[in-house]
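Down below is the structure, laid out as structure tokens.
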Amino acid sequence: MLCFLTLIDNEEDRSKFESIYLEYRSLIYYCAEQILQNSHDAEDAAQDALVQIARHIGDFKDVRSDASRGLVILIARQKARDICRARARKGCFSLEERR
């Protein structure tokens with residue numbers, strides 16, 4: 001989590017990110033894994049989502065609000081889809097897809 005905090009300038013936003021991380025990290029991974037069906041890719045998508053959340057931490061007003069939860073889900077799904085598109089463009093498939 002420390003690497004994400006380096007992306008944030010002030011202490012208040014760092015605290016907000018830490019709360020988001022603790023509250024939603026499992027949900028972020030779950031959303032990504034549901035789309036990607038691959039734990040390694042889901043971890044990558046979750047990391048990408050957390051970077052985007054850190055960069056846009058100012059968009060989150062109340063950490064435990066429905067709006068924040070929805071935004072976290074939207075970001076996680078989008079990052080998972082980005083990985084799907086990149087994988088399809090490169091013609092790369094996981095071992096599970098080859099079986």
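The values are calculated or read from the model by the stated rules, or taken from the named source; none is laboratory data. For clarity, every value in this text was computed on a predicted model and none was experimentally measured. We place every Cβ from the backbone using ideal geometry, glycine too, and count neighbours over all the protein chains shown. Surface accessibility is based on the protein's heavy atoms, side chains included, excluding ligands, DNA and RNA. Shrake-Rupley method; radii C 1.70, N 1.55, O 1.52, S 1.80 Å.
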Relative to the chain, whose Cα atoms define the longest principal axis, helix 39-55 and its Cα axis are tilted in degrees, nearest 10, by 30
If you count only protein heavy atoms and use a 1.4 Å probe, how large is the accessible surface of Val72, to the nearest 10 Å²?
0
If you add up the charges near Ala67, with Lys and Arg at +1 and Asp and Glu at -1, over every other residue whose beta carbon is less than 12 angstrom from its beta carbon, what do you get?
0
Ranked by accessible surface with a 1.4 Å probe, highest first, in what order do Tyr30, Tyr21 come?
Tyr30, Tyr21
If we count every other residue with Cβ under 14 angstrom of Ala45's Cβ, Lys/Arg +1 and Asp/Glu -1, where does the sum land?
0
Using a 1.4 Å probe, how large is the accessible area of Asp59, given in Å² and rounded to the nearest 10?
100
Tell me the angle of helix 66-90 to the major Cα principal axis of the chain, expressed in degrees between 0 and 90 and rounded to the nearest ten.
30
What helix-only [θ] at 222 nm does the chain give? Using -39500 (n - 2.57) per DSSP H run of at least 4, over all residues, to the nearest 500, the answer is -25000 deg cm²/dmol
Run the numbers on the chain and let me know its relative contact order in percent, using alpha-carbon pairs under 8 Å that are six or more apart.
32
Under 17 Å Cα to Cα from Lys79, which aspartates and glutamates show up? Leave out anything in the same chain fewer than 8 places away.
Glu33, Asp41, Glu43, Asp44, Asp48
Work out the charge dipole of the chain with +1 on the Cβ of Lys and Arg and -1 on the Cβ of Asp and Glu about the Cα centre, then indicate which of Ile20, Ala54, Gly91 is farthest towards its positive end.
Gly91
